[in-house]
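Q: Below is one structure. I have some questions about it.
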Amino acid sequence: MADERLGRAAVALAGVMARVAGWRPDEFWVATPADVRAALAGWVEADADAPVDGAALAAMMERFPDG
């Protein structure tokens, strides 16, 4: 069950990264968490050293919905 949640979360994040950073699937899947954080840093109004939290990610997903 945990693997299914990770899969859905990864697919959702891949969609966000496609819209926000223009990443293609192969670019997303080879990226590290640090790469994702760096790409999202400009979209989050927070301390640069603070991690992107679930609420910030949800806000971005609401702002840039799929299809």
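The values are calculated or read from the model by the stated rules, or taken from the named source; none is laboratory data. What you are looking at is a predicted structure, and each value in this text was computed from that prediction instead of being measured. A quick note on method: Cβ atoms are made from the backbone with ideal geometry, for glycine too, and the neighbour counts reach across all protein chains shown.
Q: Identify the residue in region 16-33 that is crowded, with 16+ Cβ neighbours inside 10 Å and small (Gly, Ala, Ser) and, among all such residues, is farthest from Glu62 (Cα to Cα). Before the answer, list the steps.
A: First, pick out the residues of region 16-33 that are crowded, with 16+ Cβ neighbours inside 10 Å: 16-18, 20-21, 23, 28, 31.
Applying the additional criterion that residues be small (Gly, Ala, Ser) yields 18, 21, 31.
On the way: Ala18: 15, Ala21: 16, Ala31: 23 Å.
Among those that are crowded, with 16+ Cβ neighbours inside 10 Å and small (Gly, Ala, Ser), it is Ala31.
Q: Out of curiosity, is Asp53 of a type in the set (Asp, Glu), at pLDDT below 80 and either under 12 Å from the mean Cα position of the chain (by Cα) or surrounded by 13 or more Cβ atoms within 10 Å (Cβ to Cβ) (or both)? I'd like the intermediate steps shown before the answer.
A: On the way: of a type in the set (Asp, Glu): yes; at pLDDT below 80: yes; either under 12 Å from the mean Cα position of the chain (by Cα) or surrounded by 13 or more Cβ atoms within 10 Å (Cβ to Cβ) (or both): yes.
Criteria met by Asp53.
Q: Now for a separate question. Cβ-Cβ distance below 6 Å, separation of 6 or more or different chains: which pairs start in region 3-14 with a residue that is within 11 Å of Phe28 (Cβ to Cβ) and end on one that is modelled with pLDDT of 80 or more?
A: Partner pairs satisfying both residue conditions: Ala14/Phe28.
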